[in-house]
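A.B. asks: Sharing a structure here in structure tokens format.
The values are calculated or read from the model by the stated rules, or taken from the named source; none is laboratory data. Everything numeric in this text was worked out from a predicted model, so none of it was measured. Ideal geometry is used to build each Cβ from the backbone, glycine not excepted, and the neighbour counts take in all protein chains shown. Just the protein is used for accessible areas: all its heavy atoms, side chains included, with ligands, DNA and RNA removed. Shrake-Rupley method; radii C 1.70, N 1.55, O 1.52, S 1.80 Å.
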Amino acid sequence: MYAEERQQAIAGLVTQRGRIAVTAVAERFGVTTETVRRDLAVLERSGMLRRVHGGAVPTGALTVLEPGLGERRSTRTEHKRRIAAAALDYVPAADGSLILDGGSTTAALAEVLPAGRRLLAVTNSVPISHRLSVAPGISLHVLGGRVRGITQTAVGETTVAALADLKADVVFLGANGVTGAHGFTTPDETEAASKRAMVRAAQQVVVLADSSKLGREHLVRFAGVDDVDVLITDDEADPDVVSEIESHGIEVRTA
């Protein structure tokens with residue numbers, strides 16, 4: 001295969017998968033990792049992809065743009081329902097405690113929490129707090145802070161400080177991007193700070209992210225691969241990306 005043909009094939013893989021690893025591409029095409037890196041450099045200069053640690057992503061994958069909560073609620077709704085149903089296995093028994101991050105997939109979980117089970121629930125999400133305020137058996141703790149309109153979550157120093165005094169059984173987090181190399185990411189620093197504080201405030205960390213988030217990296221990392229215990233995604237997840245994440249010791253469950 002000529003270099004130009006190989007480079008076009010690599011560009012196609014990036015578009016299809018959302019992320020590629022240098023080692024996997026080298027094995028696929030029977031070339032050295034140095035050759036792959038040279039190919040990626042050529043493709044980056046032509047604007048066809050962007051190099052990241054250990055591989056490459058589409059040019060639009062590293063972005064500070066963020067869809068609003070209303071837009072996210074209306075996309076991949078069935079995937080999110082299945083993820084939420086699978087997440088029920090990680091909800092504590094009666095008298096346990098959980099933290100629910102803001103987001104459309106965590107909101108789907110809030111909708112299906114076991115009716116009548118006594119739980120202490122902590123959230124920084126305005127829509128989730130509204131739902132749980134009338135849920136039987138739920139003792140609700142709402143985190144204060146500045147509410148970001150785009151995500152309808154409380155963020156800032158007040159939110160982070162309140163989380164520093166808490167320790168819950170489990171936290172359920174959303175994510176905009178998930179890769180084995182860079183971990184779990186989001187476009188906004190204040191959102192990332194709140195998520196980091198939630199990670200520190202929980203005994204077990206469970207991330208809920210549909211398959212469109214896998215293989216993508218955003219501006220700010222809020223958790224490394226060593227910080228997360230379980231990732232729940234849907235059955236359309238790229239097997240190569242799932243294998244890469246599992247290689248870091250994270251339990252990956254597909255729903």
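A.B. asks: List every residue pair whose Cβ atoms lie under 8 Å apart, where the two residues are 6 or more positions apart in sequence or sit on different chains, the first residue falls within segment 53-64 and is closer than 16 Å to residue 12 by Cβ and at pLDDT below 80, and the second residue, located anywhere, is open to solvent by less than 50 Å² (accessible area, probe 1.4 Å) and in a strand (DSSP E or B).
C.D. replies: If the second residue must be open to solvent by less than 50 Å² (accessible area, probe 1.4 Å) and in a strand (DSSP E or B), the pairs left are 61/177.
A.B. asks: Tell me yes or no: at least one residue of segment 236-251 is modelled with pLDDT of 95 or more and assigned to a strand (DSSP E or B).
C.D. replies: There is at least one residue in segment 236-251 that is modelled with pLDDT of 95 or more and assigned to a strand (DSSP E or B).
A.B. asks: Hey, can you tell me all the residues within segment 167-192 that are surrounded by fewer than 24 Cβ atoms within 10 Å (Cβ to Cβ) and under 30 Å from residue 95 (Cβ atoms)?
C.D. replies: 167, 168, 169, 170
A.B. asks: I'd like to know if segment 89-112 contains one or more residues that are open to solvent by 60 Å² or more (accessible area, probe 1.4 Å) and on the phi > 0 side of the Ramachandran plot.
C.D. replies: yes
A.B. asks: So, in segment 1-50, exactly how many residues are part of a helix (DSSP H, G or I) and either touching a residue at least 60 places away in the same chain (Cβ under 8 Å) or open to solvent by 20 Å² or more (accessible area, probe 1.4 Å) (or both)?
C.D. replies: Count: 24.
A.B. asks: Hey, another quick one. Among the residues of segment 132-166, how many are touching a Leu at 6+ places or on another chain (Cβ under 9 Å), closer than 17 Å to residue 111 by Cβ and open to solvent by 60 Å² or more (accessible area, probe 1.4 Å)?
C.D. replies: Residues that pass the stated criteria total 2.
A.B. asks: Which one of 84, 121 is buried (at least 22 other Cβ atoms within 10 Å of the Cβ), in contact (Cβ under 8 Å) with a residue 12 or more places away in the chain and under 25 Å from residue 156 (Cβ atoms)?
C.D. replies: 121 is the lone residue from the list that is buried (at least 22 other Cβ atoms within 10 Å of the Cβ), in contact (Cβ under 8 Å) with a residue 12 or more places away in the chain and under 25 Å from residue 156 (Cβ atoms).
A.B. asks: Filter segment 195-250 for residues that are of a type in the set (Gly, Ala, Ser) and over 14 Å from the mean Cα position of the chain (by Cα); which is most open to solvent (accessible area, probe 1.4 Å)?
C.D. replies: Only one residue tops the list, namely 247.
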